[in-house]
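A.B. asks: I am attaching a structure below and will ask some questions about it afterwards.
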Amino acid sequence: MSTSSSAASGAFAESFGQGGPVLWILALLSIAALAIILVKLWQFSRLKLNASDPTEQALRYWYQQDPQQALAVLQGSPQPTAQLLARTLQGLAMPAVDLGLLREELTRFASAKLEQLRAWLRALEVIAALSPLLGLLGTVLGMIEAFRQLELAGSQVDPAILSGGIWQALLTTAAGLSVAIPVVLVHSWLERRVERCGHQMEDAVTRVLTRDLSPESIALSVKGRRAMDSGKPSVSGNDNSSSVPATDAV
């Protein structure tokens, strides 16, 4: 069994070598793409990118008029949405804060965080677009070499020369597609996670700045008014004993 496996590996190495320099370039691109994907997966996992627990808990405290407890929930969280929300609450706690300047600072902070999340994603996009083109280039070069060998053979044409050149040429196209397809899928998935994080950041800030219009705030306000109304003394027009003055009673 070891003999068959070594023969298979030897055949693979020979085929890889016959693919020319294009296959080596595609191999380097695949290694680079794999390294970028692993780094981005580690980054997103460390930041807990799409976890909504700390943000939702802090917003509940904010709706309950408890900004200090909301900040305590957000402190130390590595999540970009939680960090942006903490900066929003800290800015609103400042005396005489300018909401326009605060919005600009929050936009700058959110853009910086999203730019960090998008780092190296453009490189994945370039690898995904470049790999099929490199495979096609290798195929064209292989076909040129195959027909050149046919020309050198002259009248003694061997069909094996043409068929061998064709499969070696098509090998680079298959390799280019094999690199591009998974890279495209992973890049789309990572990009979608970044877009979702950006939506969560925008939603959290908007919910803080429009607290008075939120359903939670309206429910708390209605509940407070009902509590105040229940504490007022009731005045009844049917209470005859209280409506008759003491001086008129004879």
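The values are calculated or read from the model by the stated rules, or taken from the named source; none is laboratory data. All values derive from a computational prediction rather than experimental measurement. When we count neighbours, we look across all protein chains shown, and the Cβ atoms used for this are built from the backbone with ideal geometry, even at glycine. Protein only, heavy atoms only, side chains kept; ligands, DNA and RNA dropped before computing areas. Shrake-Rupley method; radii C 1.70, N 1.55, O 1.52, S 1.80 Å.
A.B. asks: Say we look at the stretch 71-87 and pick out the residues that are out of contact with any Pro (no Cβ under 8 Å at 6 or more places or on another chain) and under 16 Å from F109 (Cα atoms); which of these is most open to solvent (accessible area, probe 1.4 Å)? Don't jump to the end; show me each part of the working.
C.D. replies: Quick first cut of the stretch 71-87, residues out of contact with any Pro (no Cβ under 8 Å at 6 or more places or on another chain) only: 71-72, 75-76, 78, 80-81, 83-87.
Add one more test, that the residue is under 16 Å from F109 (Cα atoms), and what stays is 78, 80-81, 83-87.
Numbers: P78: 48, P80: 5, T81: 4, Q83: 55, L84: 5, L85: 2, A86: 11, R87: 84 Å².
Ranking the qualifying residues of the stretch 71-87, first place goes to R87.
A.B. asks: Right, another one. Report every pair of residues separated by at least 6 positions or lying on different chains whose Cβ atoms are under 7 Å apart, first residue within the stretch 158-179 and touching a residue at least 40 places away in the same chain (Cβ under 8 Å) and closer than 14 Å to I144 by Cα, second open to solvent by 60 Å² or more (accessible area, probe 1.4 Å) and among the charged types (D, E, K, R).
C.D. replies: Here the result reads none, with nothing in the stretch 158-179 linked to a residue that is open to solvent by 60 Å² or more (accessible area, probe 1.4 Å) and among the charged types (D, E, K, R).
A.B. asks: For the stretch 34-61, how many residues are hydroxyl-bearing (S, T, Y), open to solvent by 20 Å² or more (accessible area, probe 1.4 Å) and touching a helix residue (DSSP H, G or I) at 6+ places or on another chain (Cβ under 8 Å)? Give the derivation first.
C.D. replies: Residues of the stretch 34-61 that are hydroxyl-bearing (S, T, Y), as a first pass: 45, 52, 55, 61.
Filter once more, keeping what is open to solvent by 20 Å² or more (accessible area, probe 1.4 Å): 45, 52, 61.
Applying the additional criterion that residues be touching a helix residue (DSSP H, G or I) at 6+ places or on another chain (Cβ under 8 Å) yields 52, 61.
Of the residues in that region, 2 qualify.
A.B. asks: Is there a residue in the stretch 104-125 that is open to solvent by 70 Å² or more (accessible area, probe 1.4 Å), without any contact (Cβ under 8 Å) to a residue 12 or more places away in the chain, over 30 Å from R207 (Cα atoms) and over 38 Å from the mean Cα position of the chain (by Cα)?
C.D. replies: Taking every residue of the stretch 104-125 in turn, none turns out to be open to solvent by 70 Å² or more (accessible area, probe 1.4 Å), without any contact (Cβ under 8 Å) to a residue 12 or more places away in the chain, over 30 Å from R207 (Cα atoms) and over 38 Å from the mean Cα position of the chain (by Cα).
A.B. asks: Of everything in the stretch 164-185, what is open to solvent by 30 Å² or more (accessible area, probe 1.4 Å) and either closer than 19 Å to L23 by Cβ or of a type in the set (K, R) (or both)? Give them in sequence order.
C.D. replies: Looking only at the stretch 164-185, we keep the residues that are open to solvent by 30 Å² or more (accessible area, probe 1.4 Å), and these are 166-168, 170-171, 173-174, 177-178, 181-182, 184-185.
Result: I166, W167, Q168, L170, L171, T173, A174, L177, S178, I181, P182.
A.B. asks: Pairs under 8 Å by beta carbon, first residue loosely packed, with under 14 Cβ neighbours inside 10 Å in the stretch 88-102, partner at pLDDT 90 or above and of a type in the set (G, A, S), six or more apart or different chains?
C.D. replies: Here the result reads V97/G91, each pair linking the stretch 88-102 to a residue that is at pLDDT 90 or above and of a type in the set (G, A, S).
A.B. asks: Could you check the stretch 13-108 for helices (runs of 4 or more DSSP H) lying wholly inside it with 3 or more residues that are under 16 Å from V208 (Cα atoms)? Show your work before the answer.
C.D. replies: Working: elements: 21-47, 53-63, 67-74, 80-93.
In the stretch 13-108, the matching helices (runs of 4 or more DSSP H) lie at 53-63, 67-74, 80-93.
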